[in-house]
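Before any comments, here is the structure.
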């Protein structure tokens, strides 16, 4: 089972270093500890940043804050029954 709070924390820590507002997924890459290969794991959920980008579609850019971005990521993952 996925610990959504843990996953949200992982996303926040990975993406908080980006220069907000962000206008595209490419704005996030420099902030990621292992670039697009940065992995997020909780329970039976495991996905790299690159996989997230392909699963989540275009997103609702621009995002003004890390919380806005992470909220949208979590919502999309839930809507697709990935978490």
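Just so you know, all these numbers are worked out from the coordinates, no wet-lab data involved. None of the values given here were measured: they were computed from a predicted structure. Don't worry about glycine lacking a Cβ; one is built from the backbone with ideal geometry, like all the others, and counts go over all protein chains shown.
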Chain lengthening between residue 3 and residue 80 when straightened (0.36 nm per residue, less Cα-Cα): 26.1 nm
Relative exposure of 45, 61, judged by other C-beta atoms within 10 Å (fewest first): 61, 45
Mean ellipticity per residue at 222 nm, deg cm²/dmol - from DSSP H runs of n ≥ 4 across the chain, formula -39500 (n - 2.57): -12500 deg cm²/dmol
Within segment 1-26, backbone nitrogen closer than 17 Å to the virtual label 7 Å beyond the Cα of residue 46 toward Cβ: 1-3, 7
Spin-label proximity, residue 12 to segment 44-61 - amide N less than 18 Å from point 7 Å beyond Cα toward beta carbon: none
